[in-house]
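This report concerns only the one structure given below.
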Amino acid sequence: MSRGESFRAEVEKAKPGMGPGERVLLDEAVRLVDRLDRFDALISGEADVWCRLVHNVRTKDYEIKIDSAVAEARQTVAELRQVVKALNIPVGGAEEKGSVLDELARRRAERTA
């Protein structure tokens, strides 16, 4: 089961009886969680996949160019945050054991440390 599907199961358990609009938002949130996992795998993998060293022959300087995957991952986190807020998900029991969002935040903090 993907983390997105785990997220779906947690939300459906915490908020039964969602309406059609909320279901559409939940579908989008699931896709965003899975997309973040793919970005995480890309970014935490081989550096040459998402960044490169560029040599300027005129100035003899080197510059690190970061692929757009890092920016896209950051944007996806912002989108997920908005969708989760729109869903108005109760935080009671999910926060006690650690939610999928907690796990995403933990992994991001580990990457940047």
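Give the residue that is surrounded by the fewest Cβ atoms within 10 Å (Cβ to Cβ), with candidates limited to residues of the range 86-100 that are assigned to a helix (DSSP H, G or I) and modelled with pLDDT of 85 or more.
Ala86
Let's see how each residue does on (1) at pLDDT 80 or above; (2) touching a Gly at 6+ places or on another chain (Cβ under 9 Å); (3) under 25 Å from Ala113 (Cβ atoms):
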position: Met1; (1), (2), (3): yes, no, no
position: Ser6; (1), (2), (3): yes, no, yes
position: Pro20; (1), (2), (3): yes, no, no
position: Asp27; (1), (2), (3): yes, no, no
position: Arg52; (1), (2), (3): no, no, yes
position: Arg74; (1), (2), (3): yes, no, yes
position: Val84; (1), (2), (3): yes, no, yes
position: Asp102; (1), (2), (3): no, no, yes
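Provide a single number: the residues in the range 1-17 that are part of a helix (DSSP H, G or I) and either in contact with a strand residue (DSSP E or B) (Cβ under 6 Å, 6 or more places away or on another chain) or in contact (Cβ under 8 Å) with a residue 24 or more places away in the chain (or both).
Here the count works out to 8.
The values are calculated or read from the model by the stated rules, or taken from the named source; none is laboratory data. These numbers come from a predicted model, not from an experiment. Here Cβ is always computed from backbone atoms with ideal geometry, including for glycine, and neighbour counts include all displayed protein chains.
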